[in-house]
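Asker: This is the structure I want to talk about, given as structure tokens.
What follows is calculated from the coordinates using simple rules that are stated; it is not laboratory data. Predicted, not measured: the structure shown is a model, and the values here were computed from it. When we count neighbours, we look across all protein chains shown, and the Cβ atoms used for this are built from the backbone with ideal geometry, even at glycine.
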Number of protein chains: 2
Amino acid sequence: MDKNVSAAVIRRLPRYYRYLTDLLKVDIKRISSKELSERMGITASQIRQDLNCFGGFGQQGYGYNVESLYRELGKILGVDKRFNAIIIGAGNMGNALANYPNFKRRGYDLIGIFDINPELVGKEISGITIQSIDELESFIGKNKTDIAILTIPSQSISEVAEKVAALGVKGIWNFSPQDLKLSGDVVVENVHLSDGLMVLGYKIGELEQQNR
Amino acid sequence: MDKNVSAAVIRRLPRYYRYLTDLLKVDIKRISSKELSERMGITASQIRQDLNCFGGFGQQGYGYNVESLYRELGKILGVDKRFNAIIIGAGNMGNALANYPNFKRRGYDLIGIFDINPELVGKEISGITIQSIDELESFIGKNKTDIAILTIPSQSISEVAEKVAALGVKGIWNFSPQDLKLSGDVVVENVHLSDGLMVLGYKIGELEQQNR
DNA sequence: TAGATTGTTAATCGATTAACAATC
DNA sequence: TAGATTGTTAATCGATTAACAATC
């Protein structure tokens, strides 16, 4: 198991995880795929298929134990691990992410913030002093850095991405609208906020056409 | 045409739009599906299929005119329209989005910011004074509001979403980790940043397993 | 005209759903 | 034990890719 799991399945895992969090909050101990399917609006079949990509977490006649399934999914998603993260680009988005509470909750520790603008260097965000981008290499050399969060403009994105990749960062969380393609040993998660904005514009257009 | 276009196709449209923007920048006048496919890393066949959901924008033997395809996609995505937007939740993320430059570029005008915290009310973000959430109803009554950007905590999300929907907002851009399900006349685009973070955690785990 | 490349139909592939035997 | 619900195989559905006639 665990191999050849499709991207579609993987992107649903955090969603399962969120629903299980909610169940735990209201103290529900067990859940069947049928009941979960009603809550989530997907088929019970899909839930069972998805989960069975990673193991038989359920029990016939009983369903799934909420807490243990939650723990298992957390493990698969790496929530139990600690990742050291740096933010490159201390603008508005970098600032927002530095203060993002889910960050720590998902296993990420922010250990550095960098910017190219000398006026920002030395200022503090969320208890961390902004450093010059020139310090990046020596910083990563001294501090194990697992992921880099890139909140910089498109034009510098691929240069910076390649640099951090070369310095041994394992993952990149890319907030620029530019697609990142990097070779081999680094994984990339693109956010592309403005894509969502355009999809929203499309959907509103559709909606208005229907109501005509 | 234009009906029954799958979500997969729609989510690729902003990507095409971005690549066309880049082509325009470097002054490329025309492009074949083959060349675009090489740049984007998807098949030429898919590009032609996708575009033909909306019309025959190309010309046999020639390819696609970059500028006119760009304009057509822009129209489909509503980039040529103006949408009035408000932000609810003037925390870090609300603040970042208020200053987000792509916002205006995609046809959105920010006309109001709201927060429940009295200490924030009266302060200015990006030239707009934060109002109390109590003013929301009267504000939307007086000012045509197309979309609401929700950057508030999960616990209040569905209440606020239902409220703005009832007040006639057409679209919701939801930044809380909670899935929003709303009836009928309002479209929702969920962002769920922490999902991306967990997918990143998963991918890093996979990567490490391979390199073992 | 000849060459290129589209629009579109048909074939393939993969993902979702249905069904049911296994089993708690 | 009987009932419930899983894990898993098989059937269906949809999305992607290939192929090619139409045509610029």
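Asker: Around B:PRO118, what is the net charge, scoring Lys/Arg as +1 and Asp/Glu as -1 over all other residues with Cβ under 14 Å from its Cβ?
Answerer: For residues surrounding B:PRO118, the net value is -3.
Asker: Name the residue from A:LEU77, A:ALA148, B:ASN84 whose Cα lies farthest towards the positive end of the charge dipole of the protein assembly as shown, charges +1 on Cβ of Lys and Arg and -1 on Cβ of Asp and Glu.
Answerer: A:LEU77
Asker: Say R0 is 30 Å: what FRET efficiency, to the nearest 0.05, do A:LEU24 and B:VAL5 get from their beta-carbon distance?
Answerer: 0.20
Asker: When a/c is below 1.5 the answer is rounded, else prolate if a/b is larger than b/c, else oblate, so apply that to the protein assembly as shown with a ≥ b ≥ c taken from the square roots of the Cα gyration tensor eigenvalues.
Answerer: It comes out rounded by the Cα gyration axes.
Asker: Here's another thing I want to ask about it. Ignore the peptide's own chain and count Cβ atoms of other chains within 10 Å of each Cβ in A:160-167; give me the average, rounded.
Answerer: 0
Asker: Something else: Inside 10 Å of the C-beta atoms of B:183-196, what's the mean count of C-beta atoms belonging to other chains?
Answerer: The per-residue average across the peptide is 6.
Asker: Quickly work out the A:SER154-to-B:GLU159 label distance, labels modelled 7 Å from Cα along the C-beta direction, and quote it in nm with one decimal.
Answerer: It is 4.0 nm.
Asker: Could you name the residue in chain A with the C-beta closest to the rotation axis that superposes chain A on chain B, along with the separation in whole Å?
Answerer: Taking Cβ atoms only, the nearest residue and its distance are A:ALA96, 2.
Asker: OK, next. Quickly rank A:87-99, B:19-31, B:170-182 as a protection proxy: mean count of other C-beta atoms within 10 Å, highest first.
Answerer: A:87-99, B:170-182, B:19-31
Asker: Comparing B:TYR62, B:TYR17, B:TYR100, which has the greatest mean-square fluctuation in the GNM of chain B with Cα pairs linked when under 10 Å apart?
Answerer: The residue that fluctuates most here is B:TYR62.
Asker: Right, something else. Hey, if you put +1 on the Cβ of every Lys and Arg and -1 on every Asp and Glu Cβ in chain A, which of A:ASN174, A:TYR202, A:LEU120 ends up farthest toward the positive end of that dipole?
Answerer: A:TYR202
Asker: Ok, one more. Give the aspartates and glutamates reachable from B:LYS81 as a straight Cα distance under 15 Å; neighbours fewer than 8 places away on the same chain don't count.
Answerer: Once the sequence-local aspartates and glutamates are set aside, what remains near B:LYS81 is A:GLU206, A:GLU208, B:GLU72, B:ASP109, B:ASP146.
Asker: Another question, if that's okay. Which distances, shortest first and in nm, link A:ASN65 to the matching position in the other copies, using label points set 7 Å out along Cα to C-beta?
Answerer: 6.7
Asker: Determine which lysines satisfy two conditions relative to B:LYS123: a Cα distance under 28 Å, and not lying fewer than 8 residues away in the same chain.
Answerer: By straight Cα distance, B:LYS123 reaches A:LYS123, B:LYS104, B:LYS142, B:LYS144, B:LYS163, B:LYS170.
Asker: Could you give, in nm with one decimal, how far A:GLU137 is from each other copy of that position, shortest first, with labels 7 Å out from Cα toward Cβ?
Answerer: Reported distances to equivalent positions: 6.2 nm.
Asker: Quote the relative contact order of the range B:1-144 in percent (integer), defining contacts as alpha-carbon pairs under 8 Å separated by 6+ residues.
Answerer: Taking the mean separation of contacting Cα pairs over the length of the range B:1-144, I get 17 percent.
Asker: Kindly identify the range B:83-176 as rounded, prolate or oblate by the Cα gyration tensor criterion: order the square roots of the eigenvalues as a ≥ b ≥ c, call it rounded if a/c is under 1.5, otherwise compare a/b with b/c, prolate if a/b is larger, else oblate.
Answerer: It comes out rounded by the Cα gyration axes.
Asker: On to the next question. How far apart, in nm, are two points set 7 Å out from the Cα along the Cα-to-Cβ line at A:LYS144 and at B:ILE128?
Answerer: If labels sit at A:LYS144 and B:ILE128, their model points lie 4.4 nm apart.
Asker: What size of dipole, in debye to the nearest 20, comes out for the protein assembly as shown about its Cα centre when the only charges are +1 on Lys and Arg C-beta atoms and -1 on Asp and Glu C-beta atoms?
Answerer: 980 debye
Asker: Moving on to the next point. Output the relative contact order of the range A:94-212, whole-number percent, from Cα pairs under 8 angstrom with separation of 6+ residues.
Answerer: Taking the mean separation of contacting Cα pairs over the length of the range A:94-212, I get 15 percent.
Asker: Mind giving me the nanometre distance, one decimal, between the label points for A:LEU167 and B:ASP185, set 7 Å out from Cα along Cα→Cβ?
Answerer: Label at A:LEU167, label at B:ASP185, 5.3 nm between them.
Asker: Relative to the compact globular guide of 2.2 N^0.38 Å, what is the alpha carbon radius of gyration of the range B:7-76, as a ratio?
Answerer: That ratio works out to 0.98.
Asker: Just to confirm the numbers: A:LYS181, label point 7 angstrom along the Cα-Cβ line, distances to the other copies in nm, shortest first?
Answerer: From this label point to the equivalent ones elsewhere in the assembly: 3.9 nm.
Asker: For the range B:7-76, what is the charge dipole size about the Cα centre, in debye to the nearest 20, if Lys and Arg each add +1 at the Cβ and Asp and Glu each add -1 at the Cβ?
Answerer: 140 debye
Asker: Then there's this: Around B:SER194, with a cut-off of 10 angstrom between Cβ atoms, what is the net charge of the other residues, counting Lys and Arg +1 and Asp and Glu -1?
Answerer: Summing Lys and Arg as +1 and Asp and Glu as -1 gives +2.
Asker: Going by Cα centres, the range B:119-182 and the range B:1-33 are how many Å apart?
Answerer: One Cα centre to the other: 31 Å.
Asker: What is the local net charge at A:GLN60, summed over the other residues whose Cβ is closer than 15 Å to its Cβ (Lys, Arg +1; Asp, Glu -1)?
Answerer: +3
Asker: Please state the charge dipole magnitude for chain B, taken about the Cα centre, from unit charges on C-beta atoms (+1 on K and R, -1 on D and E), reported in debye and rounded to the nearest 20.
Answerer: Roughly 960 debye, rounded to the nearest 20.
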